[in-house]
Amino acid sequence: RCHHCPHLATRPYEKSEKPCMLSEYMERYPLYPIALPRGSFKPKELYKMAQIPMEGISTTKRDYIAHEVLPQKLKPPEKHVKSDESMDLTSTYNQDYNSYPISQVPPCLPCVTRHIPSANMDTRTTYEDDYVLWNEPKTELIRPNNRFHPSEEKFDHRTIVQDDYLYRGPVATQTCKPLNLVQKSKAPFENITNYRVNYVPHSLEKRYVHRYEKYKVSEVPFDGLTTHKVSYKGLAGQPAKLAKPYQPKLLYDLPFSSTTEFQEKYEAWPQPPVFTKKPDVYLPPLEKMDLQTTTQIHYKHPNGKPAKMCRSLAQLKKSTEPFNSSSVMKEDYKPWLCKRLKPVTRAPELTFPAKPMDCLTTFQTHYVPHPLTVTKSYKPAWSGPKHHTLLDAKTIYTTSYTPKGIVRCLASYKDPPGYVFEGIDADGHNLYLPASKSETLQGGH
């Protein structure tokens, strides 16, 4: 990430908060078009099914014999014996939580005396006194006298399309489709290709078989010495040094301390015992309780009369004449006697063949299945395991590698040292030139 561009793109017309993907790797190694790998011409190895039927016996059926399973014996439950001891029905709630006496709270209503008038209330409103119905006749409707009279002629139900556009029958058109001049041959399909004609399988030569020589016992006696015992005489040498570069330990690798500043400085204060007040003994009152309320005392049932209805005196008179249900819509627009027209259908033009359709395709009629030819693999056989040789501990990396210090990338600086600012490109990146090149360019100008 240290070699990526840390600045955001600052184009004059396009502003986005996405990071820039420009890096040193993208400049040095550009992308090239991807070429797909070439397909393999190796024939596929098809699985050959064995002609011998499969045996239905498995190793489990052959080795493990089923034994007789007997029913499980259940242990009879023990009989319950009642104990003579009485059960303690006390609980922690009855022991710790004592009941307190309950005293009735006196009512906190103020003593207000209200004056109730003895005169009757006038239930008539100002609307009934001021607004009186007027005896005016009903207004007549203002409409013209020209009534619509439908024509007495019968309606023929024909449209302009039916009168002007006459049906002249189907038009015989010629097809512009080219003729199919391909003649189907009845001969079977030949499966001969250029590959089968030109590439003929050749006979393979016999495989070279290496003949092993017979083992001869040497006459020289065995001395019991190995190359390790002969070459390495056990000289005193220095132990191998570690080629790993030195890495200083960080401060947070120290073990985590279990004590905190709060546990060291803030000590627990001694808590005094909780003060509990003993409840007072409840003494029931000697006087009897007055169960009457202020409503029962002040609001008594006087001999009143029921309220009268505030209905107006003027009542509508019911007319004895029958209701006239006729309207302008019923008188002017009367339903016409219309008959449903039959749809105009054309005679069928297609003729279906009498023979049934054979559901065979060109693939089923022309392409005959042939037996598959399985080719043998000419891959050489496994030559056997290789000899195990010990790896030398010394490598070029351990001998020539020298640890180098971490160099800060120039892209992380706001103004990189040793470079001179030249300008800004279209994507908003600052362009810098080395100080030596900029001086030579200025001298040349």
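Using the Cβ-Cβ distance between S91 and F275 with R0 set to 35 Å, the FRET efficiency from 1/(1 + (r/R0)^6) comes to roughly 0.85. Multiplying the residue separation of R168 and Y212 by 0.36 nm and removing their Cα-Cα distance gives an extension gain of 5.6 nm. Which of the residue pairs K154/K330; K414/K437; K44/K206; K48/K206; K48/K376 have a Cα-Cα distance greater than 18 Å in the structure shown? Cα-Cα > 18 Å for K154/K330; K414/K437; K44/K206; K48/K206; rest within.
A Förster radius of 56 Å combined with the Cβ-Cβ distance from N180 to S40 puts the calculated FRET efficiency at roughly 0.90. Once amide H atoms are built 1.01 Å from N in the peptide plane, which residues 5 or more positions from E422, or in another chain, come under 5 Å H to H? Answer set, sorted by chain and number: L431, Y432, L433. For region 213-219, 3J(HN,Hα) computed residue by residue from phi via the Karplus equation (6.51, -1.76, 1.60; θ = phi - 60°) reads 7, 6, 6, 10, 7, 6, 8 Hz, glycine and proline entered as x.
Within the same chain, lysines fewer than 8 places from K138 are excluded, and of the rest, those with a Cα less than 19 Å from its Cα are K317, K318.
Between A66 and K394, full extension at 0.36 nm per residue minus the direct alpha carbon distance yields a gain of 111.7 nm. With the simple spin-label model, which puts each label point 7 Å out from Cα in the Cβ direction, the H298 to V230 separation comes to 13.3 nm.
Note that region 339-353 has calculated 3J(HN,Hα) couplings of 10, 7, 7, 7, x, 7, 10, 9, 6, x, 9, 7, 10, 8, x Hz, one per residue in order, obtained from phi through the Karplus relation 6.51 cos²θ - 1.76 cosθ + 1.60 (θ = phi - 60°); glycine and proline are x. With the simple model of a label 7 Å out from the Cα in the direction of the Cβ, V220 to L283 spans 13.1 nm. For region 53-66, backbone phi angles converted through the Karplus equation (6.51, -1.76, 1.60; θ = phi - 60°) give residue-by-residue couplings of x, 7, 6, x, 9, 9, 5, 5, 5, 7, 8, 9, 9, 6 Hz, Gly and Pro being listed as x.
Straightening the chain between K379 and H202 buys 62.1 nm, computed as 0.36 nm per residue apart minus the Cα-Cα spacing. What the Cβ-Cβ distance of S327 and A354 gives, at R0 = 51 Å and to the nearest 0.05, is a FRET efficiency of 0.20. Across the accessible surface of region 22-97, with the other protein chains kept in place and a 1.4 Å probe, carbon and sulfur atoms take up 59 percent.
The values are calculated or read from the model by the stated rules, or taken from the named source; none is laboratory data. In this text the structure is predicted, and so the values were computed from the model without any measurement. When we count neighbours, we look across all protein chains shown, and the Cβ atoms used for this are built from the backbone with ideal geometry, even at glycine. Quick note on the areas: whole protein, heavy atoms, side chains included, nothing else; ligands and nucleic acids left out. Shrake-Rupley method; radii C 1.70, N 1.55, O 1.52, S 1.80 Å.
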